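Beneath this line is the structure, given in C-alpha cells, with notes to follow.
The values are calculated or read from the model by the stated rules, or taken from the named source; none is laboratory data. Everything quoted here is computed from the prediction, not taken from an experiment. Cβ coordinates were reconstructed from backbone atoms using ideal geometry, including for glycine residues, and neighbour counts include every protein chain displayed.
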Amino acid sequence: MLKRRQPLLQRLFFILLIVLCSVVASPEAAKLLPSPEATALLGFQSKADLRNHLGFFQNASFHFCDWQGVTCYQQKVVRLILEDLDLGGIFASNTLSDLGQLRVLSLQNNSLTGSIPDLSGLINLKSLFLDHNFFTGSFPPSILSLHRIRSLDLSYNNLTGPMPSSLASLDRLYYLRLDCNRFNGTIPPLNQSSLKMFNISGNNLSGAIPVTPTLLRFAFSSFSWNPGLCGEIIRKECYPRPHFFGPMAAVVAPPPTVALGQSAEMNGVELAQPSSKKHNRTAVIIGFSTGVVVLIGSLLCFIMAVRKQKDKKQSTAVIESDDAAATAQAAAVIQMEQENELEEKVKRVQGMQVAKSGNLTFCAGEAQLYTLDQLMRASAELLGRGNTGTTYKAVLDNRLIVTVKRLDAGKLAGTTKETFDQHMESVGGLRHPNLVPLRAYFQAKEERLLIYDYQPNGSLFSLIHGSKSARAKPLHWTSCLKIAEDVAQGLSYIHQAWRLVHGNLKSSNVLLGHDFEACISDYCLAALVTSSPEEDPDSIARKPPEIRNSNHQATSKSDVFAFGVLLLELLTGKPPSQHPFLALEEMMLWLKSSREDDGGDDERLGMLLEVAIACSLTSPEQRPTMWQALKMLQEIKKEAVFKEDGELDPHSGMS
C-alpha cells in the first residue's frame, strides 16, 4: 500500500515545488524578498541621512525602484539622484559601491563629510557628481579605475593632495570639475580630445601648466585663483614669487624673515633647521683662518709700537686710558640692556606660570609630542587678551611653536572639572581645514590651558583694520568672498556635523593660516564662560537682539547673526559698532562710500551685501542657516568664476 502511494507523494511534492517557484519568480513576491540593491540603498541612508530626509524603507507595498531619486532598469538601479537634501552624515563604504549597474550618481548640494569611499565596484558608472559637500581627504584613487566615466565633479569640497597623473588615462572624460578644493602640486598633462568642460580654479596648484592641445582650449577662468600657477596658457612667467591669495597679497605684509615651516612630524610650526655639517665645517675653517690673520697683524702692530719714539709714550698712555674708559662704559651699557631683556623675559614667562600638578590631555588621539614641564619651560610671548582669557605664543625646546590660551578662572568659576573635561573632549574632536585645531588641554585647581596650532599670519582683525601706524584699505571683493566662504565652511561644520555653536565669532578670532586661509579660533567656549555685564560697543553690536539683553545661551542662529556682522566688517573695513541699520539701497550707498575703488564690482559687492543683511536680520527665524549662507556665497563665487564660460547641465547626456 505504501509502495503504491510513494509515486503519488512524489508527484505532489514536485507540483508544490513548481508552484512555489512560480510564486517566488513573480514581481509581487520579489518585493517581499531582501534585495541587494535595496540593502545597498538602506545602508547608505543609515550613515548619510541623519535627519531622515530620504524616507527609504523596505515593505511589501513599496518597491525600492519607487524610492526618491532612484531609477531602475530590469530591477537594477541605474540612476541615483539625491540632491539638495541636506544629507549631513558620511558616504559609508560598501553601500552604493555595490550597485554594479549604476550609470549616474549625484549627491551634490548636501553636507556629507568624511572621505569619499572606494567606488571601484561601480564599473558601469558614467557620471559622478559629489560637488558642494564637505568631503575631505585626497583624490579618491578608485575613480581612476572607472574607465567608462565621462562626467566627474568633485568641486566645492575640502579635498587635498595632488591631482593624480592617471587622470590623463581617463580617455572618455567629457566633464571635469575639481575647482574650489585644496589640491596642490602640479597639473597633469591632460590631453583627452573628448574633454569639453574643465575647471581647477580655487586650489593651491603650482608650477607651469602643461601646454597640451586640450588644455590650450580652456580660458583663464579654468585655472584662476591658483596663485602658484604659471606658464604660457595663463600668460604668466614662471619665476619664484610669494604664494599669496590674489588681491590679498597687496594688503598683507610679507612674513617675518625668520624661516617658519610646517613640521612633517609635529603639529604646529617648527623653526628652520640648522645648516648642514659641510657648511659648519667651512665656517670653522674660515673663522680659524681669519683668527690667524688677525693674530699676526696684532703682533706686527705691537712690534711697531715698541719701536716708536719714547716721547710718544705719554700720549699713547692717554689714548689707552680713554679707550679703557670707553670700553668700561660700553660694557656697562651692554650689561644694562641684558638685565632689561632678562627682566622682560621674566615678565613674559610669569604669565605662563601655572600649577604643575596634573598632565596634559591630548585630543582626538593626538600624539603626545611634549609634556607639561616642557610647555612651562617654553619661552612665552604675549599675543593678546580677550573675553575668555590670555593668549601666548610658546616656543618649545624641540623648536615646536604652539599657541597657549590661559582661560580666565573667574569666567569659568561655575564649571566643574567633569563638565570641562566632557566639553573639551567634544571640542577637541573637531577637525576641519577652517578651524584652528585644539591639540591638548590642561586643568588643575583654578588653572585651565588650551593648546592650539600656531597660525603665523596674524588675525583677520589686523588684516582688515591694519596697525596703529598704517590704516589698511578695504579688501578687494574677491578676498572678502574667499575669507567669508572659509569662515562659513568652518561654522557650517560646527553646526551640522557636531551640533555645537561658536558663541563668540569676531574678526580677532579668525586667524590666517600658512596659505592665508581663514581659520576660526576660540570656538565653542561660550557654553563654559560667564559673560561680563560690561562689554565694549563692538561686542554688543555682534550679539543678536534675542541674547543681547538676556542671559540666554548662544545658538546657531546667533552665530549666523555674528557672521553677517563679520561680513559687513569685511566689506566696509568699519568696526561693528559703526554699522548702520538701513534699507538695502541705503546700505549699498553706505558701502560704496566706505570703499575708494572696486567701482566696477558693484554687482558682486551688492550680492555679498545681501548675504550679510540676510544673516543679520532681527528675527532669528528669518535668518538663513549657516549651511544656506555658505551655499549663497558659493553661488556668487560660481557665477564669478564661470562668468565667461557657459554652464553645462550636469544631467545632460547621462543616459
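Things worth noting here:
- Whether a residue is in contact with a Pro (Cβ under 9 Å, 6 or more places away or on another chain) and at pLDDT below 95 was assessed, and Arg182 passes this test.
- Filter result for Ser201 (small (Gly, Ala, Ser) and surrounded by fewer than 16 Cβ atoms within 10 Å (Cβ to Cβ)): no
- Checking each residue in the stretch 339-386 for being hydroxyl-bearing (Ser, Thr, Tyr) and either at pLDDT below 75 or buried (at least 16 other Cβ atoms within 10 Å of the Cβ) (or both) picks out Ser357, Thr361, Tyr370.
- Looking only at residues in the stretch 180-189 that are assigned to a loop (DSSP other than H, G, I, E, B) and over 15 Å from the mean Cα position of the chain (by Cα), the one that is surrounded by the fewest Cβ atoms within 10 Å (Cβ to Cβ) is Pro189.
- Residue check for Arg150: surrounded by fewer than 16 Cβ atoms within 10 Å (Cβ to Cβ), out of contact with any helix residue (DSSP H, G or I) (no Cβ under 7 Å at 6 or more places or on another chain) and within 19 Å of Leu122 (Cβ to Cβ): no
- Scanning the stretch 152-167 for residues that are farther than 19 Å from Leu435 by Cβ and out of contact with any strand residue (DSSP E or B) (no Cβ under 8 Å at 6 or more places or on another chain) turns up Pro164, Ser165, Ser166.
- Wholly enclosed strands (runs of 3 or more DSSP E) of the stretch 50-138 bearing at least 3 residues surrounded by 17 or more Cβ atoms within 10 Å (Cβ to Cβ): 76-81, 104-106, 127-129, 134-138
- Taking the listed residues Ala497, Ala488, the one that is under 19 Å from the mean Cα position of the chain (by Cα), at pLDDT 90 or above and in the same structural domain as Gly414 (by TED's automatic domain parsing) is Ala488, with no other qualifying.
- Unmet criterion (only one of (1) assigned to a loop (DSSP other than H, G, I, E, B); (2) out of contact with any Cys (no Cβ under 8 Å at 6 or more places or on another chain)) for Ser201: (2)
- The listed residues are Leu122, Leu107, and the only one of them that is modelled with pLDDT of 90 or more, within 22 Å of Tyr156 (Cα to Cα) and outside the structural domain of Ser492 (by TED's automatic domain parsing) turns out to be Leu107.
- If you go through the stretch 68-103 and keep only what is among the hydrophobic types (A, V, I, L, M, F, W, C) and within 12 Å of His53 (Cβ to Cβ), you end up with Leu82, Leu85, Leu87.
- Qualifying residue in the stretch 566-576 (condition: surrounded by 15 or more Cβ atoms within 10 Å (Cβ to Cβ), at pLDDT 85 or above and in contact with an Asp or Glu (Cβ under 8 Å, 6 or more places away or on another chain)): yes
- Condition met for Arg542 (surrounded by 22 or more Cβ atoms within 10 Å (Cβ to Cβ) and not aliphatic (A, V, I, L, M)): yes
- Test: residue in the stretch 387-394 that is at negative phi, crowded, with 21+ Cβ neighbours inside 10 Å, more than 21 Å from the chain's Cα centre (by Cα) and outside any strand (DSSP E or B): yes
- Every condition in (1) modelled with pLDDT under 60; (2) within 21 Å of Gln108 (Cα to Cα); (3) aliphatic (A, V, I, L, M) is met by Leu82 except one, and the failing one is (1).
- The combined condition, being over 19 Å from the mean Cα position of the chain (by Cα) and either in a loop (DSSP other than H, G, I, E, B) or among the hydrophobic types (A, V, I, L, M, F, W, C) (or both), is fulfilled by Leu450.
- Checklist (1) surrounded by fewer than 19 Cβ atoms within 10 Å (Cβ to Cβ); (2) under 26 Å from Ser479 (Cβ atoms); (3) touching an Asp or Glu at 6+ places or on another chain (Cβ under 8 Å) applied to Ser155, failing item: (1)
- Check on Ile464, at pLDDT below 90, touching a Cys at 6+ places or on another chain (Cβ under 8 Å) and more than 19 Å from Gly202 (Cβ to Cβ): no
- Within the stretch 189-210, the set of residues being within 9 Å of Asn226 (Cα to Cα) and either polar (S, T, N, Q) or modelled with pLDDT under 90 (or both) comprises Ser201, Gly202, Asn203, Asn204, Ser206.
- Neighbours by Cβ (under 6 Å, 6+ apart or cross-chain): first from the stretch 137-151, outside the structural domain of Leu102 (by TED's automatic domain parsing); second in a loop (DSSP other than H, G, I, E, B): none
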